[in-house]
Amino acid sequence: MLTKSDTQGRYDAVWREAEPYMRARKNDVHIPLSYAFAQALLKLHPEADEDIVSLAILLHDIGWWSIDMTDIIEKGFGPNMMQSDVRFLHEKEGVRLSREVLANTGWPEHVIAAVGEIIDGHDTRPEPRSLNDRLVRDADKLWRFTVTGVAVASDWFKLNPNQYVERLDRQFVLLETDDGRRMATEELEKTRAALMLHLI
């Protein structure tokens, strides 16, 4: 039986193996923040599979590495962005690369397949397939509500922080769980205060 520290060591090995793919689209910032939210959600949902959720959130966006950054910004953040070709491509590439990373770090086939199933469609599939999927989707979005998320995404969308936060006010409906919505509300309140958005 793996202890908590053994399991964390195996997640760390996955992070190190995937590190070359983390340089696209600020994923070396987005993914650790999302991972922390996933761990918080897992504590509130002990019935979820810790390995599947943890590995899926670590690897969900590594497929962006395969796509030109200009295309990411112009197509991935433009009109109909959630159904753009680059969104589907980053999911497919994410499944391919996650399979390679997980195999290289010794994870069994059933885990590799379950992680891939979440990655494939995490942005474009209308409905989650499981609780694990719901938690990954929430963790993926929750970083947007942080100061860091607002700072990064404001540039992507060519908005100032206040304009981007107004956009976030409409995104609570995208969250899958009550816990995710509560965390988003708390984070956005801290972000508004930290960025002094009541004044500017």
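The values are calculated or read from the model by the stated rules, or taken from the named source; none is laboratory data. None of these values were measured; they are calculated from a predicted model. Note: ideal-geometry Cβ built from the backbone for every residue, glycine included; neighbour counts use all protein chains shown.
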Subset of the range 142-156 that is of a type outside the set (A, V, I, L, M) and farther than 22 Å from Asp178 by Cα - its residue that is modelled with the lowest pLDDT: Trp156
Please work out which residue is modelled with the lowest pLDDT, limiting yourself to the range 43-68 and to residues that are surrounded by fewer than 20 Cβ atoms within 10 Å (Cβ to Cβ) and under 16 Å from the mean Cα position of the chain (by Cα). Trp65
The lone exception for Arg23 - which of (1) modelled with pLDDT under 95; (2) over 20 Å from Gly116 (Cβ atoms); (3) over 17 Å from the mean Cα position of the chain (by Cα); (4) not hydrophobic (A, V, I, L, M, F, W, C) it fails: (3)
What's the number of the condition Thr124 fails, among (1) over 22 Å from Ala18 (Cβ atoms); (2) assigned to a loop (DSSP other than H, G, I, E, B); (3) not small (Gly, Ala, Ser)? (1)
What is the residue count in the range 179-196 for residues that are surrounded by 20 or more Cβ atoms within 10 Å (Cβ to Cβ) and either among the charged types (D, E, K, R) or closer than 15 Å to Leu44 by Cβ (or both)? 4
Positions within the range 95-126 being in contact (Cβ under 8 Å) with a residue 24 or more places away in the chain and either closer than 26 Å to Leu174 by Cα or under 15 Å from the mean Cα position of the chain (by Cα) (or both), in sequence order: Val95, Ser98, Ala114, Val115, Ile118, Ile119, Asp120, Gly121, His122, Asp123, Thr124
Is there any pair linking a residue in the range 42-68 that is more than 18 Å from Leu97 (Cβ to Cβ) to one that is among the polar types (S, T, N, Q), with Cβ under 7 Å and at least six apart or on different chains, and which? Ala48/Asn132; Asp49/Asn132; Val53/Asn132
Taking into account only those residues within the range 125-141 that are acidic (Asp, Glu) and at pLDDT 95 or above, which is nearest to Gly180 (Cα to Cα)? Asp138
Near pairs, Cβ below 8 angstrom, 6+ apart or cross-chain, from the range 167-196 (at pLDDT 95 or above) to any residue that is of a type in the set (Ser, Thr, Tyr) and not in a helix (DSSP H, G or I): Glu187/Thr146; Lys190/Thr146; Thr191/Thr146
I need a count of the residues in the range 97-112 that are surrounded by 14 or more Cβ atoms within 10 Å (Cβ to Cβ) and of a type outside the set (Gly, Ala, Ser). 9
